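J.: Take this structure first; my questions come after.
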Amino acid sequence: MKHTAPRGRMLKRLAAVSAFALVVGLPTAPGSSAARTPAGQHRIPGVDEIVSSPNLQQVAHLDKSGPLTGTNTDWAFQGRYAYGGNINGFSVYDIRNPKAPTVAAQVLCPGSQNDISISGHLLFLGTDSQRTNDTCDNVASTTVAPGDRWEGVKIFDISDPLTPRYLKSIKTDCGSHTQTLVPGKRHDPNVYIYVQSYNLAGASVPNCALPHDKISIIKVPVRNPAAAAVVATPVLFPDGGFPGSDNPVQSPTTGCHDITVYAEKNVAAGACMGDGVLFDITDRAAPKVVTTVRDEVNFAFWHSATFNNDGTKIVFTDELGGGGAATCNATIGPNRGADAIYDIVGKGKKAKLVFRSYFKIPRANADTEVCVAHNGSLIPVPGRDIMVQAWYLGGISVWDFTDSRRPKEIAYWERGPLSTTQLTLGGSWSAYWYNGFIYSNDITKGIDVLEIKDPRTAIARLFRTDVFNAQTQDNYLR
């Protein structure tokens, strides 16, 4: 939620005052019966059947449309607009009325994954597929085999959200699988983009030789985005041990999948393939590893990270199966393919990550449902740590990790399997809270808007922000 305009800061402060005034005496509701039901006893819904706990309901849906019929990916939000990524480009949704969203604009610009970040009038789009060039032309820019190619980050001007204008591209080593917006420190007029990428295809791919133990950092002068350029490629994991590893996905680490920054506290959390990482980002162009953790028993691929609002905990997700397997069933169990909650113990250079518990949705999926711990965000509830999270065809889960040793689900919403006969990709890629509602970018179906009505989260509706990037966390009490 960084780079909120002054008006947005004022709204958040006023909301926080109201929130604290109301938090005393806030009733506690019991968890839904489904959340308490053992996974083995949960009824698997029928094909496309929607089921949910009573406190979480769908209030709107839009099918995919126009040229953006490929896989839906990540979100960013600004003002009355939601920007939804798709491997063929991105859509701009008017969410002034969250219960009746409309497609305001679409930009055809192929290039997986097309993850999005926003700062002011600039939108950043990540490309992690080898293209013949950096254009958005669907014919001229096609996916190519290893060889001369372009991958990286594209910058758009969204001063008018209805007519996004392509400004510039920056080529980055190994492309941009994900990217994270990092606001400059006080008196720094720039923003930075941490570009996460990795290469599991082999060292023969040009410009992406192994080991790839680094990230790319783009410096963007806000007033002159045409001058944006890569200013650093710090090697964060100088082990150089990828070739010959028995398990190249897990260990040793060779690049990061996702980094989440908490700029106010000058820290970042990295899900870096085989490691969970805590960084010091005091120097935005030179992040330093403070400490790392590994879980070689239950974690296969460290995928993403979320701080709690106090910056004292990190939730890491495990993308077991690479987002292409049925991992929410009795065969896999409750610990593999789960979230892992770590407390940050100590400060500064002496900080350590201490494991507390796992969390996984307490419902068994069908063996034909691709289910994986995926992208989510905090719900702003003072004094509590509550987040909403996407689980592909496992649906959307709202869960509380205030007690990091005893996390619990408090709401859920899901569709049934897309097929009862074959393993099928689908479900929620990203589910985020934005100004009172949950927005889900469904891989195959389109977008869903959900509303939670629960006394444990009611106070969150008082908080407002003008911009939201999930990987750029802000203190919602300031």
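J.: Check N435, N475 and return the single one that is surrounded by fewer than 24 Cβ atoms within 10 Å (Cβ to Cβ) and at positive phi.
T.: Answer to the selection: N435.
J.: Considering only the stretch 325-348, state which residues are part of a loop (DSSP other than H, G, I, E, B), of a type outside the set (S, T, Y) and either buried (at least 24 other Cβ atoms within 10 Å of the Cβ) or on the phi > 0 side of the Ramachandran plot (or both).
T.: Result: C328, G333, G337, A338, G346.
J.: Out of the stretch 89-140, which residues are part of a strand (DSSP E or B) and among the hydroxyl-bearing types (S, T, Y)?
T.: Answer for the stretch 89-140, where residues must be part of a strand (DSSP E or B) and among the hydroxyl-bearing types (S, T, Y): S91, Y93, T102, S117, S119, T127, S129.
J.: Right, here's the next one. Mind counting the residues in the stretch 280-291 that are assigned to a strand (DSSP E or B) and in contact (Cβ under 8 Å) with a residue 40 or more places away in the chain?
T.: Number of matching residues: 4.
J.: I've got another one for you. Restricted to the stretch 143-184, and to residues that are over 23 Å from the mean Cα position of the chain (by Cα) and modelled with pLDDT under 95, which residue is nearest to A228 (Cα to Cα)?
T.: Ranking the qualifying residues of the stretch 143-184, first place goes to W150.
J.: Now, a different point. Is it fair to say D94 is charged (D, E, K, R), surrounded by 15 or more Cβ atoms within 10 Å (Cβ to Cβ) and modelled with pLDDT of 95 or more?
T.: yes
J.: Identify all residues within the stretch 395-411 that are more than 16 Å from V59 (Cβ to Cβ) and either outside any loop (DSSP other than H, G, I, E, B) or of a type in the set (S, T, Y) (or both); write none if there are none.
T.: Of everything in the stretch 395-411, those that are more than 16 Å from V59 (Cβ to Cβ) and either outside any loop (DSSP other than H, G, I, E, B) or of a type in the set (S, T, Y) (or both) turn out to be S397, W399, D400, T402, S404, K408, E409, I410.
J.: Being surrounded by fewer than 24 Cβ atoms within 10 Å (Cβ to Cβ), of a type in the set (V, I, T) and touching a Phe, Trp or Tyr at 6+ places or on another chain (Cβ under 8 Å) is the filter here; which residues of the stretch 354-378 pass it?
T.: V354
J.: I need a count of the residues in the stretch 261-311 that are charged (D, E, K, R) and within 28 Å of C371 (Cβ to Cβ).
T.: Qualifying residue count, the stretch 261-311: 4.
J.: Follow-up. Return the residues of the stretch 278-307 that are under 17 Å from the mean Cα position of the chain (by Cα) and of a type in the set (S, T, Y); say none if nothing qualifies.
T.: Selection gives S304, T306.
J.: Yes or no: V205 more than 24 Å from N309 (Cα to Cα) and modelled with pLDDT of 95 or more?
T.: no
J.: Then there's this: Any residue that is more than 16 Å from A431 (Cβ to Cβ), without any contact (Cβ under 8 Å) to a residue 24 or more places away in the chain, in a loop (DSSP other than H, G, I, E, B) and among the basic types (K, R) - is there at least one of those in the stretch 377-394?
T.: no
J.: Looking at the stretch 387-407, can you tell me whether even one residue there is crowded, with 24+ Cβ neighbours inside 10 Å and among the acidic types (D, E)?
T.: No.
J.: Tell me whether the stretch 279-290 contains one or more residues that are under 26 Å from E409 (Cα atoms) and modelled with pLDDT of 95 or more.
T.: No, that holds for no residue.
J.: Suppose the filter is among the polar types (S, T, N, Q) and surrounded by 21 or more Cβ atoms within 10 Å (Cβ to Cβ); does S419 pass it?
T.: No; evaluated as a whole, the condition is false for this residue.
J.: A follow-up question, please. Can you pull out every residue in the stretch 296-315 that is among the acidic types (D, E) and at pLDDT 95 or above?
T.: Answer for the stretch 296-315, where residues must be among the acidic types (D, E) and at pLDDT 95 or above: just D310.
J.: Of everything in the stretch 423-447 that's of a type outside the set (A, V, I, L, M, F, W, C), over 14 Å from V398 (Cβ atoms) and outside any loop (DSSP other than H, G, I, E, B), which residue is nearest to the chain's Cα centre (by Cα)?
T.: S430
J.: In the stretch 185-195, which residues are more than 19 Å from N224 (Cβ to Cβ) and part of a strand (DSSP E or B)?
T.: Within the stretch 185-195, Y194, V195 qualify.
J.: Identify the residue in the stretch 277-313 that is crowded, with 23+ Cβ neighbours inside 10 Å and small (G, A, S) and, among all such residues, is nearest to D403 (Cα to Cα).
T.: Among them, the one singled out is A305.
The values are calculated or read from the model by the stated rules, or taken from the named source; none is laboratory data. This one's a predicted model, so the numbers in the text were calculated from it and none came from an experiment. As a convention, Cβ positions derive from the backbone with ideal geometry for all residues, glycine included, and neighbour counts pool all protein chains shown.
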